[in-house]
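Just below is one structure, and these are the notes that go with it.
Laboratory data are not the source of any read-out in this text; all were calculated from the coordinates shown. A quick note: this is a predicted structure, and the numbers were derived from the prediction, not measured. Every residue, glycine as well, gets a Cβ built from its backbone with ideal geometry; the counts of neighbours run over all protein chains shown.
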RNA sequence: GGUUCCGUGGCCGAGUGGCUAGGCUGAGCUCUGCAAAAGCUCCUACAGCGGUUCGAAUCCGCUCGGAACCUCCA
């Protein structure tokens with residue numbers, strides 16, 4: 001609990017547009033909800049960025065000592081292609097096209113999603129509820145809104161009455177709109193007769209005879225509206241008012257706006273204290289999205305098969321690349337930027353491997369270098385506590401890695417470094433790399449058998465060097481290099497290696 | 001048309017009213033049997049035009065350029 005009090009966290013709250021000090025509803029505990037994927041298709045890198053952003057948020061809050069309950073849903077029903085009456089559920093459409101049961105589609109893409117999350121070292125949430133598992137609750141809240149007069153039934157469907165809600169609340173509070181503007185700019189849709197007002201949105205939709213995903217309800221067979229599931233699943237597990245709600249910027253309107261309206265309408269309380277929105281991943285300045293057809297799939301990236309890529313990149317290098325920018329900025333995806341990131345990432349990992357093997361000197365020392373190491377350690381916390389600024393934190397980690405290399409090469413002597421300062425430095429570097437930022441060695445580098453074999457070759461090369469058999473020592477070095485293993489000679493004849 | 005946001009050195013990208021991140025690339029030096037790695041140094045930028053200020057890339061206004069949202073989207 002020490003760090004939790006020492007480093008107060010500041011977050012940019014989309015609701016107010018300002019950076020605020022973070023105060024959870026219950027001290028020491030955090031409830032966080034993030035809109036998960038609609039599992040009708042492969043997740044692309046833009047989706048990954050959002051889930052990475054909130055992975056960092058939950059990791060860091062936990063690192064500080066908060067107990068975090070992180071809920072991220074799976075949308076497996078209710079997501080319409082558009083808001084018109086004939087809008088088709090995405091899952092159902094995919095199932096029809098591929099001649100599958102809807103749940104087959106859901107299972108396949110859910111597993112694919114989990115696999116991608118695992119590859120990027122994005123930790124699973126505490127609870128991962130699915131919309132189809134909460135139909136009963138969605139019907140209940142719809143009833144509640146009907147009872148309160150904030151919703152109305154129309155031809156077997158139920159709609160949220162935005163104007164009625166807006167009499168006592170502000171619909172548009174999150175996205176900076178008011179309903180007059182929405183009425184003027186809103187697109188005219190066909191078959192609007194069911195709705196009393198075109199700005200109203202569906203809570204429950206009547207299923208047409210050929211619709212495959214359907215559940216019985218007081219209003220006949222149907223299925224829940226998209227916005228409702230998040231309201232139900234967040235408040236069910238986190239309470240009527242919880243701390244953090246996250247998601248991509250593109251969900252701000254209408255999805256999150258509707259969530260606020262539904263939650264506030266049902267309970268009389270604003271559902272969320274801090275709204276956090278992550279910005280888009282772009283390609284040539286344009287948003288990466290499924291509908292624009294410019295999305296990258298993780299497997300295309302790893303294999304380097306995408307037409308915009310020269311080569312493949314490991315998931316950790318990509319993770320590092322994304323963390324170099326702040327989550328609230330757009331990030332442009334390019335071959336050159338990835339290449340630069342890959343090199344930078346290796347630098348940090350090399351230092352990570354080195355410092356894990358270092359032990360502090362036994363004595364205390366108040367040398368300048370001790371003070372610097374202490375300062376660097378503190379900066380990691382300060383930067384992350386400032387709205388999860390991973391870019392600034394990485395800059396500090398690079399400075400730390402330079403000092404680690406100094407310690408390794410002997411430019412700085414371990415005996416000049418205070419034991420307490422060194423221990424804090426070491427724990428901070430390893431902790432921020434692995435636990436907070438989730439950056440680790442690419443997994444293929446962790447093969448003990450391989451490491452043993454390389455160490456054997458290194459021993460042989462050491463012998464060759466002391467014997468001045470440079471032809472042999474160069475051959476070992478060059479041949480290893482061809483295999484992607486780089487040998488580095490230290491000052492005292494010691495050798496280390498790294499994978500390329 | 002409405003609502004937001006952005007425009008930083010060769011490239012990518014932080015950031016702040018004065019102390020001027022970081023990575024990649026390039027040049028030089030040190031170390032080295034030669035390399036590599038590493039360390040150090042250099043190339044010092046904030047779209048344009050006005051304004052506020054002792055002082056602005058950072059605040060305000062305008063212009064130009066780009067993006068997101070307003071419709072499914074992370």
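Calculated FRET efficiency, residue A:460 to residue A:378, Cβ-Cβ distance, R0 = 60 Å: about 0.85 to the nearest 0.05. When all alpha carbon pairs of segment A:354-431 are counted in 5 Å bins from zero, the resulting P(r) reads 3, 17, 29, 26, 14, 8, 3, 0 %. Relative to the compact-globule estimate of 2.2 N^0.38 Å, the Cα radius of gyration of segment A:447-499 comes out at 1.06.
Angle of helix A:102-119 to the longest C-alpha principal axis of chain A, folded into 0 to 90 degrees and rounded to 10: 30°.
Where both bridge residues fall in chain A, DSSP classifies roughly 50% of the beta bridges as antiparallel. The Cα-based radius of gyration and maximum Cα-Cα distance (Dmax) for segment A:113-227 are 17.3, 48 Å.
With neighbours defined as other Cβ atoms within 10 Å of a residue's Cβ, the residues A:258, A:230 order from fewest to most as A:258, A:230. Ranked by the mean number of other Cβ atoms within 10 Å per residue, highest first, peptides A:387-396, A:483-492, A:160-169, A:99-108 order as A:387-396, A:160-169, A:99-108, A:483-492. A helix-only calculation puts chain A at -14000 deg cm²/dmol for mean residue ellipticity at 222 nm, using -39500 (n - 2.57) for each DSSP H run of at least four residues, averaged over all residues.
Here the residues A:305, A:235, ranked from fewest to most Cβ neighbours within 10 Å of their Cβ, fall in the order A:305, A:235.
Each of A:66, A:327, A:33 was scored by other Cβ atoms within 10 Å of its Cβ. Listed from fewest to most, they are A:66, A:327, A:33. Kirkwood Rh over alpha-carbon pairs of segment A:383-500, then Stokes-Einstein at 37 °C and 0.692 mPa s: what D in µm² s⁻¹, rounded to an integer? Rounded to a whole number, D works out at 195 µm²/s.
The packing ranking, built from the mean of other Cβ atoms within 10 Å per residue, places the peptides A:205-213, A:245-253, A:434-442 in the order A:245-253, A:434-442, A:205-213, highest first.
Normalising the average separation of contacting C-alpha pairs (under 8 angstrom, six or more residues apart) by the number of residues puts the relative contact order of chain A at 15 percent. Reported value for segment A:190-263: 138 Å³ per residue, from the convex hull of its C-alpha atoms. Viscosity 1.567 mPa s, temperature 4 °C: give me the Stokes-Einstein translational D for chain A in µm²/s, with Rh taken as the Kirkwood radius over C-alpha pairs. For the chosen part, D equals 51 µm²/s.
A simple spin-label model places pseudo-atoms 7 Å from Cα toward Cβ; at residue A:419 and residue A:126 they are separated by 3.8 nm.
Which shape class applies to segment A:56-182: rounded if a/c is under 1.5, otherwise prolate when a/b exceeds b/c and oblate if not, where a ≥ b ≥ c are the square roots of the Cα gyration tensor eigenvalues?
oblate
In segment A:282-397, Rg over Rh equals 1.10, where Rg is the alpha-carbon radius of gyration and Rh the Kirkwood radius from pairwise Cα distances.
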